[in-house]
Amino acid sequence: MDFCGQPLALSDEEFEAARVRGSELMVAPRHQVDDEILDAAGMEQRTDVPATWWLEAARQGTVPHLRFGKYCRFSLRDATEAAKERRRPGNGQ
């Protein structure tokens, strides 16, 4: 197979596989909302849980969080997964 008059170093099957994969990547979302890294105020806005609760839970080690020196940040995805694991029967399940 050639491209713009130049021979390709791929077989027809390899080229087709690469074309299909490229098409998939072009339509895949580049940024997932659940991958956001937020401060406590951002978590409050997204979850309706007070920022003070998030900071205290991080201090106690009961929610996943990231520390950057004195700054505390939360992964929305990790917080969501942790909340799913902590569900109790009859409590939103």
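With respect to the conditions (1) surrounded by fewer than 14 Cβ atoms within 10 Å (Cβ to Cβ); (2) under 18 Å from the mean Cα position of the chain (by Cα), L76 lacks only one, and its number is (1). Quick check: is even one residue across the range 78-86 touching a strand residue (DSSP E or B) at 6+ places or on another chain (Cβ under 7 Å) and at pLDDT 90 or above? No: zero hits. Across the range 1-41, the qualifying residues are those that are at pLDDT 75 or above and among the acidic types (D, E), and the one among them that is farthest from K70 (Cα to Cα) is D12.
The values are calculated or read from the model by the stated rules, or taken from the named source; none is laboratory data. Given the structure is predicted, the values throughout are model-derived calculations rather than measurements. Methodologically, a virtual Cβ is constructed for each residue, glycine included, from the backbone with ideal geometry; neighbour enumeration extends over all protein chains shown.
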